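S.K.: Just passing along the structure, written as structure tokens.
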Amino acid sequence: MIAYFDTAAFDRIYRKEGCGSADIAALRKAVYGRELTLRLSPHHLEEILTRKVSPQVLSARIRQTLSFASLRSLLKPCEHLLIGDVRDYAARGEAGNPFLHGPVQDDYSSGIAELIESDGEDFSEEFREALREVHRQKAWLMALFERIQAKLVAEVNFATAEDRDLNSIWDDQAEELAAQIAETAGVLEPCRARGLDGLLRLNTVRLTVAMLIATAGHAPRDGGGSLDADGLHHIVGAAASGGVFVCGDQRARAALAPYAAAGIVPERCEVIDLAEFLGRLGAR
């Protein structure tokens, strides 16, 4: 089984919030026994390592995270995953390789190794800059999501969207949203030529579009603002992993649940909370 935890889920494990030592032991046993593979993203590293805590806490956090997930199969940042998949579809009709490789992957490995060996004291400027670049990429992607969502909200009356058939909302809007992503990637016409329906079959594009529709309609109904950005960009990493998405953002899970029930979210990309995931491991 493959799973992707967002940073909030890793945080809960570290704090033993809603889980205990037995749950964590079962998680490690599944990982070490190769029953479970947890995917790791540069966004996990950036979100953990740029917090204002002591070096020792940073070292402890990253040690625990790496006891569950390996740097040897580090995913690309979310912007590269989504835009890269769209460009690969335009060129070859399929998604690309989601993993980092070569010098970039080596930079992360060496930066983490230095950090751990120094118990969090040594943080090279090169590694800091790599993490800053990851943050910039996340900000760029979130700005794209906000532009697309603003246009969507202007065109769809989400105050009455609950009364409409879910599949008709998807049918009306999904290809247009995918087209906007393709236009941003600079490959709209090649994607149209191959078929926007095919573009929507890519996990990263499909879950991104589902999330954009779901969260655009979610905020007006519950009186809140936009959902937590961490929950949104991690959906791209989870989709690229092609496994269960363990999401710590309850509002994001609630927003996507109807799309999962309608079969729009692929079954292998199920979105669940940490407690349910750990419960399944315990039952195994």
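S.K.: Quick one: putting +1 on the C-beta of Lys and Arg, -1 on the C-beta of Asp and Glu, what dipole do you get for the chain around its Cα centre, in Debye to the nearest 20?
M.R.: Charge dipole of the chain: 640 debye, to the nearest 20.
S.K.: Can I ask one more? So which helices of the chain fit the span-like rule, where a helix is a whole DSSP H run, its Cα atoms reach 15 Å or more along the axis, and its mean Kyte-Doolittle is at least -1.0? Walk me through the intermediate numbers first.
M.R.: Details: long enough: 21-32 (16 Å, 0.48); 55-66 (16 Å, -0.08); 78-92 (20 Å, -0.13); 103-117 (21 Å, -0.24); 125-155 (45 Å, -0.43); 166-184 (26 Å, -0.35); 203-222 (28 Å, 0.31); 229-241 (19 Å, 0.63); 250-261 (17 Å, -0.07).
The answer, listed by residue number, is 21-32, 55-66, 78-92, 103-117, 125-155, 166-184, 203-222, 229-241, 250-261.
S.K.: What does the charge count around ALA90 come to, taking other residues whose C-beta lies under 12 Å from its C-beta (Lys +1, Arg +1, Asp -1, Glu -1)?
M.R.: Computed value for this residue: -1.
S.K.: Okay, next question. Just the number please: accessible area per residue for the chain, 1.4 Å probe, all protein chains included, in Å².
M.R.: 45 Å²
S.K.: Any idea what % of Cα-Cα pairs in segment 59-217 are farther than 18 Å?
M.R.: For segment 59-217, the share of Cα pairs beyond 18 Å comes to 66 percent.
S.K.: Something else about it: Stretched out fully, how many nm does the piece from GLU35 to HIS101 gain, at 0.36 nm a residue minus the Cα gap?
M.R.: Length difference between fully extended and current span is 21.3 nm.
S.K.: What's the carbon and sulfur percent of segment 6-63's accessible surface, probe 1.4 angstrom, rounded to a whole number?
M.R.: 52 percent
S.K.: Using the Cα centre of the chain as origin and beta-carbon charges of +1 (Lys, Arg) and -1 (Asp, Glu), tell me which of THR215, ILE169, ASN203 is placed farthest towards the positive end of the dipole.
M.R.: Farthest towards the positive pole: ASN203.
S.K.: Additional query: Based on the alpha-carbon gyration tensor of segment 1-93 and its eigenvalue square roots a ≥ b ≥ c, which shape applies: rounded if a/c is under 1.5, prolate if not and a/b is larger than b/c, or oblate?
M.R.: Oblate, because a/c is 1.5 or more while a/b does not exceed b/c.
S.K.: Right, another one. Test of understanding: express the Cα radius of gyration of segment 46-138 as a ratio to 2.2 N^0.38 Å, with N the residue count.
M.R.: Numbers: Rg = 14.9 Å, N = 93, 2.2 N^0.38 = 12.3 Å.
Scaled against compact globular proteins, the figure is 1.21.
S.K.: What fraction, in whole percent, of alpha-carbon pairs in the chain exceed 36 Å separation?
M.R.: On the way: 6337 of 40186 pairs.
Everything past 36 Å amounts to 16 percent.
The values are calculated or read from the model by the stated rules, or taken from the named source; none is laboratory data. Since the model is a prediction, treat every value here as computed from it, not as a measurement. All Cβ positions, glycine included, derive from the backbone under ideal geometry; neighbour counts span all protein chains shown. Calculation scope for accessible area: heavy atoms of the full protein, side chains included, ligands and nucleic acids excluded. Shrake-Rupley method; radii C 1.70, N 1.55, O 1.52, S 1.80 Å.
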